[in-house]
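The values are calculated or read from the model by the stated rules, or taken from the named source; none is laboratory data. Computed from a predicted model, the values in this text were never measured in an experiment. With ideal geometry, Cβ positions are generated from the backbone for all residues, glycine too; neighbour counts draw on all protein chains shown. Keep in mind that these areas ignore ligands, DNA and RNA; they rest on the heavy atoms of the full protein, side chains included. Shrake-Rupley method; radii C 1.70, N 1.55, O 1.52, S 1.80 Å.
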Amino acid sequence: MTQPERSCLLDVLEARKLSLWRRVLLACAGVAVGAAIWLPVVHLFFTPGVDDYLSADAVSPKAKELSTYHLRLWTNPELRKEEIGKMRSRNREWDFMGRTFFALALANMALREPSLKAQYLDPIDRIIEETIRLEADNGIYFFLLDYAKDREFVHKPARSIFVDGEIALMLGARRLVEEKPEYKAMLPERVETMLDCMRNGPVLCAESYPDECWMFCNTVALAAIKISDVLDGTDHSEFFREWVANAKQRLVDPETGMLASSFSLKGRFIDGPEGSTIWMAAHCLSIIDERFARDQYERGKKELAVELAGFGWAREWPRSCVGPEDVDSGPVIPVMEASSGSSGLALMGSSAFGDRDYFGKLCTSLNFAGFPVERDGALKYCASNQVGDAVMLYAMVLGPLWQKVKQLDSDR
Amino acid sequence: MKKILRILFHARLFTPKGLLVRAAVIAVVFLVLHVCGLREYTSIISGMSPTGDTADSRAITLGVMYGCFYFAFVLVAPILVLAAVFFGAVEYVGHRELTHGPEARPPHPTESQPRRSEPQQ
């Protein structure tokens, strides 16, 4: 480079011949132009092929990698102790729900890959046996948050539909994959206990916490009851009809038409509709009343889903009833109102209702802000935790279990 | 090293070079944090700590630092580079105008001659 050329380049790079205000103006204009070019295309660097996450009949590559990490947790006691310890120190419910979602994911994977059934059933059995043992040894409070002990359950003897419902669902999922004689009596037993509590409630819902009924837990219980029906030949269709009619009348938020997330035993709303509830509730209701379930998903999407510049996320609350940030919502990013809890469960909702477009946008956000790490064939999301990863895994593999319930139900 | 520091501290912000230097600083700091394995510390987003102690302020600081530089690397640095390109291109065109434009050319001998029609002073 000649001396004049060099001098010219430096003049340009250092804007030597411009006054300060011109430099500020040009820099600001440059940033505006840069942002206008970059922000609309940045998602392209994080947009996944949805087929890497969802597969019609096999287990998708990403699901395989995500499950590898979780299977290591359940085969390596040291690793599990460490991970569960971290989770329990923060929230005991997460430990419990992590088990449920992982067991449900494995059951779906076993149905997708029958040749590997034994490999998937082994950890399911381990999870179920350990969970039931922990509940038997320590009581229902072992998996509940501390405030459960502040008051007494209204229904006696004290039961939590949160604990009963998810254990029943795990038992049912396991039995749907393959019958296990030891579990054959356990599922109807739990179902009877749950039904007793639900029927005693004026709005046909049972308590998760003292005088606190959670829609999430009650819809999980309904799904478990349905599975028990198709496995054990019972018929609770009348109860389901009654439940849905009652919910439409007394448990939906008048503003949005979405199911409320928590309410007292008598049906007084505690929290309005929430993303951390509605996606799972709609998914569970899809084997009880498909039309009502889809309507709830559509309403949830209308009120909570956000799609912008190729990214997707979910708010925790509709604009009409914003609530306080809590363990269910997870951290909520201000302005964007993105809730990690609701967005994670929205992956499940969009997968369950075949909404591939929204699912793809949620995955784009997950790749962008979930901090994925792939090591030795295992995938984990650093910004998540064991329960978050288990929910995402379930979102990637769900389908065959519910399909089997519907099939068995129509064959009856 | 001294030279690098000199460039860093002497690059004025509102210049193409200043914008590029800042983008480079973001990229280098992020890559160092990434190589040091701080990605794991982003678990603070879900209220977890890699050390198991949720009140561990060191883990929180590292997680926040990694998160900030990650988003700066992904969102801010490319914008700064594009801004520098835009700024440089505009300035280059202006610079050319100055050095090669009609005003910058030495006057043609005939141009300096007074025209016949112009009044003599």
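For this structure, a couple of remarks:
- In this rough spin-label picture, where each label sits 7 Å from Cα along the Cβ direction, the residue B:60-residue A:241 distance is 5.5 nm.
- Protein-protein interface of segment A:360-391, residues with accessible area decrease of at least 40 Å², isolated chain reference, 1.4 Å probe: A:368, A:371, A:382, A:383
- Alpha-carbon spread of segment A:67-106, three principal axes, descending order, Å: 24, 22, 11
- For the pair residue A:211 and residue B:53, a Förster radius of 35 Å applied to the C-beta separation gives a FRET efficiency near 0.55, rounded to the nearest 0.05.
- Cβ neighbours within 10 Å from other chains - mean over A:19-26: 4
- Cα gyration tensor, segment A:331-412 - rounded (a/c under 1.5), prolate or oblate: prolate
- The protein assembly as shown shape via C-alpha gyration tensor axes, a/c threshold 1.5: prolate
- Residue-averaged [θ]222 nm for the protein assembly as shown, counting only DSSP H segments that reach four residues, each worth -39500 (n - 2.57): -19500 deg cm²/dmol
- Residue-by-residue Karplus 3J(HN,Hα) for segment A:104-112, coefficients 6.51, -1.76, 1.60, Hz, glycine and proline x: 5, 5, 5, 5, 5, 5, 5, 6, 6
- Kirkwood hydrodynamic radius (C-alpha pairs) into Stokes-Einstein, segment A:256-412, 20 °C and 1.002 mPa s, D in µm²/s: 132 µm²/s
- Lys/Arg +1, Asp/Glu -1 at C-beta; the protein assembly as shown dipole; positive extreme among B:15, B:66, A:134: B:15
- Between segment A:82-110 and segment A:327-352, the Cα center-to-center distance that results, in Å: 18 Å
- Estimated FRET transfer efficiency (residue A:376, residue A:149; beta-carbon r; R0 51 Å; 0.05): 0.75
- Under 5 Å from the amide H of residue A:379 lie the amide H atoms of A:66, A:68, A:69, each residue being 5 or more positions distant or on a separate chain, with H modelled from the backbone and absent for Pro and chain starts.
- Anisotropy class assigned to segment A:79-220 is oblate, per the alpha carbon gyration tensor with a/c at or over the 1.5 cut-off and a/b no larger than b/c.
- Relative contact order computed over chain A (Cα-Cα under 8 Å; 6+ residues apart), in percent: 20 percent
- Violating pairs (Cα-Cα greater than 32 angstrom) within the set A:81/A:156; A:86/A:404; A:64/A:86: A:81/A:156; A:86/A:404
- In terms of packing, defined here as the mean over residues of other Cβ atoms within 10 angstrom, the peptides A:396-407, A:271-282 line up highest first as A:271-282, A:396-407.
- Size of electric dipole in the protein assembly as shown: Cβ of Lys, Arg +1 and of Asp, Glu -1, about Cα centre, debye, nearest 20: 2440 debye
- For residues of B:75-83, the mean tally of beta carbons on other chains within 10 Å: 6
- For residue A:213, residues with placed amide H under 5 Å, excluding near neighbours: A:208, A:263, A:264, A:265
- Principal-axis analysis of the Cα atoms of chain A puts helix A:20-38 at an angle of about 40° to the longest axis.
- Accessible surface of chain A, 1.4 Å probe: 55 percent of it comes from carbon and sulfur atoms.
- FRET E, pair residue A:158, residue A:319, Förster distance 35 Å, beta-carbon r, rounded to 0.05: 0.40
- Peptide ranges A:317-325, A:61-69 listed from the most packed, as the mean C-beta count within 10 angstrom indicates: A:61-69, A:317-325
- Average beta carbon contacts from partner chains per residue of A:295-305, 10 Å cutoff: 0
- Inter-centroid distance (Cα atoms) of segment A:273-306 relative to segment A:200-229, Å: 16 Å
- Rounded to the nearest Hz, the phi-derived 3J(HN,Hα) couplings of segment B:60-77 under the Karplus curve 6.51 cos²θ - 1.76 cosθ + 1.60 (θ = phi - 60°) are 5, 4, 5, x, 5, 4, 4, x, 4, 6, 5, 5, 5, 5, 7, 9, 7, 4, where x marks glycine and proline.
- Each peptide in A:236-246, B:19-29, A:384-394, A:358-368 was scored by the mean count of other Cβ atoms within 10 Å over its residues; highest first, the order is A:384-394, A:358-368, B:19-29, A:236-246.
- Taken one residue at a time, the phi angles of segment B:32-43 give Karplus couplings (6.51, -1.76, 1.60, θ = phi - 60°) of 5, 4, 5, 5, 6, x, 6, 4, 4, 6, 6, 4 Hz. Gly and Pro are set to x.
- Rounded to the nearest 10 Å², the accessible area of residue B:36 at probe 1.4 Å: 90 Å²
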